[in-house]
Structure formats: structure tokens, C-alpha cells
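As C-alpha cells, the structure follows; a few thoughts come after it.
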Amino acid sequence: MSGPSTPLGEAIRQESRTVHELTEKIWSLDLPAAYGEFRFLDHLVQTDLAMRVESLLDCPWLHRGSFVLPCRAGPEHPGGVIPIDTRKVDARYVLARKAQDVDMVATDLPGNRDDHLDTLMDVAHRLDGAPGLAGLVQLELDGKVQRLERDRRVSAGYRMVPVQRGAASVPDTRVLRSRRVRLDLGAPEVLTLRGEPDRAYRPPVPAGLLGVDCEYLPMMTPLADQYAEKLALCASAGQHRFKDPFDLYYLGSFCTWQARDFHRALEHCPNIAKLGLGGPLRTFSPHGGTEYWLEGWAELIGKTRAEQPELNAYPGFPAVERAIAGDVQEIREAGGGAVAPRGWYRTDRDLSSAAHRLRLAREEGLTLPEPFQPGQERGLRREGREERDRGW
């Protein structure tokens, strides 16, 4: 066993003395299918793992990736209709793409550059056998810790193993035996910040579902930097990652932008310089279309979408493409000002209607706050399915 427990783990332990009690409580919540019990359990362990990393190596950490997508979504409801069940769980958690790993960067490590990966390797190994969730779950290395010199990061995978406390805990093995959690730890030199880090609006996991307070609000790389990185990869031939369009759509739906930060991020984006692009804005044009999408992209993204229930609430590929183009165009035209979230719209018709209403409101100096309406408007849901069949 290594390292102290985390505040989240201790809080959960006070509510559930064994893993069996914890899993029984999670399964009794009757969570919506798009979020699900396993996803909730994974997020609990991922959040506990991130907190444990910070306790093992006391230095400033910044988070990247889909793990912190719900943390980035603003406090306001931007509007729109979400055509899936989000009962009990904030839609910002439900709609964020499922995190595959916890991606953290240490921004200040002792020693010289050559020592940094050694330090991160030590952290990854110390987590092997660590008592996650205050001893309810133990993490065991799933293979070797990878030292990636070129990327200046360390990657490790862990199995979630229930800590047995008597016969009552035996069923936990069936629940947890296939659960895995991955961790990526980056050295300081992989990060170049040209803006202030972002503070999370909410924890990475809705622990309140268990009656537990989670006060963990991780620091994150600037929103504009993450968006520019993903945009550059999407807009460059041969560098596609099928998860990125979903993340771009999510960020445009929920986040408020400072246009000056966005322009600065595009100007200095490492991927844009590395890939030799004049800039991805030429690709994401409302009037142009994305000439750099690889042949078969829609089919492969559709496969990604089918594997994750939360992605069923996203529009079809053509609508996602046009929504991203519209977001980029609006930020470009905003000069240095703020750009409000687009809102969540399921079809092209609703995207067009929302854009029209937003333009009228801005001309009159008004805003259009509109609460989410999960699961309403059957016609919208029917249209969404038809469009998905055609577009994906």
C-alpha cells in the first residue's frame, strides 16, 4: 500500500464500508443508460486516482483530455433539446465523451530535464497496489509502465481489484474484474502555456449521487489551447482522431469563449506548426466544407459513436461538421470579445433556428437563456434518428 487516502475516498468509505456496499448503492441509483453504473464507477476511481497522483508528487498539475470535459462546461444552461434521458445526472456529465484515461501534466518538477521521466515513472510504480477509494479498491499494474521519451510522458494501465472483506465482498469480483483505468503523466516540457490555466467549474465526477461531496476542482490547460489542438488534428490530412469532432461539438455547446484567447491559441498551436498547415480555419468554413476529411471518416466516426451510448445524443456527422464550422466562424468574427455557448441542438434545422434566434437577440442586445428539455419533443427525436441513419 502506498500513499494516504484521498478526501473523496474517505468520504465514500464513510458511506460504504465494503466494495459490495458501494456497488450495491451505485446499482440502486437507476442511472440513465447514457451514463450508466460502470461509467460512474470508472469516474469515481479515475477522480480518486488523479487526487492520489497529486498527493504523491506535490507540484502544480494541469489536466487535459476528455476526463475534464465536464469540468470545462460553464455554469449556465446554454439551451437546446437533449434527446436522451439525463435524469438524476447533470447533462454536462452525461453528454461528455467517456474518458479513456486520466491525462495530467506536471508543470514544475525538481531536477533537470533528464530526471523528469524518472520522477514520473516512480509515481506510476508507487500507484501499483495503492488502496483506491480509501481501501475499497486496489489498483494493480496491467502490464509494464511505458516510458515514452519522444512524447516526454509516462503511460500506465491499472486493473481495479476489489479488496475482499469477508464473504459479502465476493460478488464484487464479477463487477470489477474487467474494469481498467489508464494514466498518462506528462513532463513539464510537453506544455507551453500562453494563457492562464482554467479552474474547473465542477468536479470530474457527480459524487453527489452517493450523498458525497467532492471538492476536487482540478486545474486544466486553457480551453482555447485544447480546442485549437483538436481543431488542428481534425483539419489535417492523415492526423485524424475519430473522437475529436465529438469533443469539439461538446465544447462549442457548453463553453463561453474569449475570442482573443482562441486567436492566440491558433497562432501558437504546436500541431499547426508541426503539420505545416496555414491554419485549420480554411477547412472549417460554413460555406466551404471540409476538404481534408479522409475518405471513410463518416463510417469510422459512426463506429466510434455506436460504441458509446452518450454519443447517440450527438447530431449526424454532417451537422457536427457544420456546427464546428459555425463555431469557428463566430469566434473569428467576434474580434477579442466573448462568445456565448451555442447550445445543444440535435438536427440541422434546430442548429439553423438557434443561430437565427441568437442573431436577432444580439442585434437587440438580448440574451436567450433556455433550460434544457431532456427527453422532450418526440418529433425531434424521430428526426434525429432518421438523420443519423442517413448521415453516419
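What follows draws every value from the coordinates through simple rules; no lab data is involved. The structure displayed is predicted, hence computed values, not measured ones. FYI the Cβ positions are ideal-geometry reconstructions off the backbone, even for glycines, and counts take in every protein chain you see.
Region 4-70: which trypsin sites (Lys or Arg not before Pro) are DSSP loop and have at most 15 other beta-carbon atoms within 10 angstrom? For trypsin sites (Lys or Arg not before Pro) across region 4-70 that sit outside H, G, I, E and B with at most 15 neighbouring Cβ atoms in 10 Å, the list reads R17. Taken along the Cα-to-beta-carbon direction at a fixed 7 Å, the label points for D85 and Q100 span 2.9 nm. For region 93-143, the share of alpha carbon pairs falling in successive 10 Å distance bins from zero is 18, 37, 34, 10, 0 percent. Using 0.36 nm per residue and subtracting the Cα-Cα separation, the extra length available between R182 and H77 on full extension is 34.7 nm. Of all lysines in the structure, those lying under 21 Å Cα to Cα from K303, and not within fewer than 8 positions of it along the same chain, are K98, K230, K243. With all pairs of different C-alpha atoms in the average, the Kirkwood value for the hydrodynamic radius of region 7-221 is 18.0 Å.
Quick one: go through region 209-227 and flag any residue whose amide nitrogen is under 15 Å from the point 7 Å out along the Cα-to-Cβ line of R194. It comes to 222-227, nothing else. Rg over Rh for region 1-123 works out to 1.03, both radii taken from alpha-carbon positions and Rh defined as the Kirkwood radius. The modelled label-to-label distance for the pair D118/R332, using points 7 Å beyond Cα in the direction of Cβ, is 4.9 nm. Stretched out straight at 0.36 nm per residue, the stretch from K144 to A306 would grow longer than its current Cα-Cα span by 55.3 nm.
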